[in-house]
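A short worksheet on the structure shown next.
The values are calculated or read from the model by the stated rules, or taken from the named source; none is laboratory data. As the structure is a prediction and not an experimental result, all values here were calculated from the model. Quick reminder, even Gly has a Cβ in these numbers, built from the backbone with ideal geometry, and neighbours come from all protein chains shown. Heads up: the accessible areas ignore ligands, DNA and RNA and are worked out on the full protein's heavy atoms, side chains in. Shrake-Rupley method; radii C 1.70, N 1.55, O 1.52, S 1.80 Å.
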Amino acid sequence: QEQLVESGGGLVQPGGSLRLSCAASGITTDRYAIGWFRQAPGKEREGVSCSSASDGSTYYLDSVKGRFTISRENANNTVFLQMNSLKPEDTAVYYCAAVPWSCPFSETDPWGIYGYGMDYWGKGTLVTVFS
């Protein structure tokens, strides 16, 4: 069965770093777009990054550009989100999600930015940025 499992969340001070991992099973990440989404209490879920398998393109939410980096280890069916210079407003539950080939959102077409179009979801990992 298709599964995504996130790990790497935790408590970190502002300015610190975390690396989140998304381990996939039942799918091969080299054929799937993998997105990272986050949801803070009382706020909408939002896509923070996405990596397309079709052309290798990536997307980053404006507020995380220059701080977050999405990367792949397709041989291990794993996708990472390196988060640097973390801010309190980054506090949220972070989810990874997958859909074949291409991310359903981009800077030019944000249709899936709130999570629509993704087929498979992990259960999330909590990131808390607090001093």
Residue 77, sole failed condition from (1) on the phi > 0 side of the Ramachandran plot; (2) buried (at least 21 other Cβ atoms within 10 Å of the Cβ): (2)
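Identify, from the list 37, 105, 68, the residue that is farther than 22 Å from residue 130 by Cβ and either modelled with pLDDT of 95 or more or open to solvent by less than 40 Å² (accessible area, probe 1.4 Å) (or both).
Working: 37 fails: farther than 22 Å from residue 130 by Cβ; 68 fails: farther than 22 Å from residue 130 by Cβ.
Step by step, each of 37, 105, 68 is checked, and only 105 is farther than 22 Å from residue 130 by Cβ and either modelled with pLDDT of 95 or more or open to solvent by less than 40 Å² (accessible area, probe 1.4 Å) (or both).
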Residue 45 vs. criteria open to solvent by 20 Å² or more (accessible area, probe 1.4 Å), under 13 Å from residue 124 (Cα atoms) and of a type in the set (Lys, Arg): yes
Selection from the range 5-25 of residues that are assigned to a strand (DSSP E or B), open to solvent by 50 Å² or more (accessible area, probe 1.4 Å) and in contact with a Lys or Arg (Cβ under 8 Å, 6 or more places away or on another chain): 5
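Yes/no matrix, rows are residues, columns are (1) under 18 Å from residue 113 (Cβ atoms); (2) in contact (Cβ under 8 Å) with a residue 40 or more places away in the chain; (3) part of a loop (DSSP other than H, G, I, E, B):
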{"site": "48", "(1), (2), (3)": "yes, yes, no"}
{"site": "63", "(1), (2), (3)": "yes, no, no"}
{"site": "80", "(1), (2), (3)": "no, yes, no"}
{"site": "85", "(1), (2), (3)": "no, yes, yes"}
{"site": "95", "(1), (2), (3)": "yes, yes, no"}
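Do you know which residues across the range 1-22 are hydrophobic (A, V, I, L, M, F, W, C) and either within 13 Å of residue 124 (Cβ to Cβ) or touching a helix residue (DSSP H, G or I) at 6+ places or on another chain (Cβ under 8 Å) (or both)?
Our first condition is that a residue be hydrophobic (A, V, I, L, M, F, W, C); within the range 1-22, this holds for 4-5, 11-12, 18, 20, 22.
Hits for the range 1-22 are 4, 5, 20, 22.
Determine, yes or no, whether residue 55 is in contact (Cβ under 8 Å) with a residue 40 or more places away in the chain, surrounded by fewer than 21 Cβ atoms within 10 Å (Cβ to Cβ) and more than 19 Å from residue 125 (Cβ to Cβ). So that I can check it myself, show each step before the final result.
On the way: in contact (Cβ under 8 Å) with a residue 40 or more places away in the chain: yes; surrounded by fewer than 21 Cβ atoms within 10 Å (Cβ to Cβ): yes; more than 19 Å from residue 125 (Cβ to Cβ): yes.
In short, yes.
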Filter result (farther than 20 Å from residue 5 by Cα and modelled with pLDDT under 95) within the range 108-129: 108, 109, 110, 111, 112, 113
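Of all the residues that make up the range 85-111, how many are in contact with a strand residue (DSSP E or B) (Cβ under 7 Å, 6 or more places away or on another chain) and either within 12 Å of residue 45 (Cβ to Cβ) or not small (Gly, Ala, Ser) (or both)? Don't jump to the end; show me each part of the working.
To start, the set of residues in the range 85-111 that are in contact with a strand residue (DSSP E or B) (Cβ under 7 Å, 6 or more places away or on another chain) comprises 86-88, 90-103, 105-107.
Next, from what is left, pick out any that are either within 12 Å of residue 45 (Cβ to Cβ) or not small (Gly, Ala, Ser) (or both): 86-88, 90-97, 99-101, 103, 105, 107.
Residues flagged as in contact with a strand residue (DSSP E or B) (Cβ under 7 Å, 6 or more places away or on another chain) and either within 12 Å of residue 45 (Cβ to Cβ) or not small (Gly, Ala, Ser) (or both) within the range 85-111 amount to 17.
Residue under question is residue 113, and the condition is that it be within 20 Å of residue 9 (Cα to Cα), crowded, with 19+ Cβ neighbours inside 10 Å and β-branched (Val, Ile, Thr); does it hold? I'd like the intermediate steps shown before the answer.
Working: within 20 Å of residue 9 (Cα to Cα): no; crowded, with 19+ Cβ neighbours inside 10 Å: yes; β-branched (Val, Ile, Thr): yes.
In short, no.
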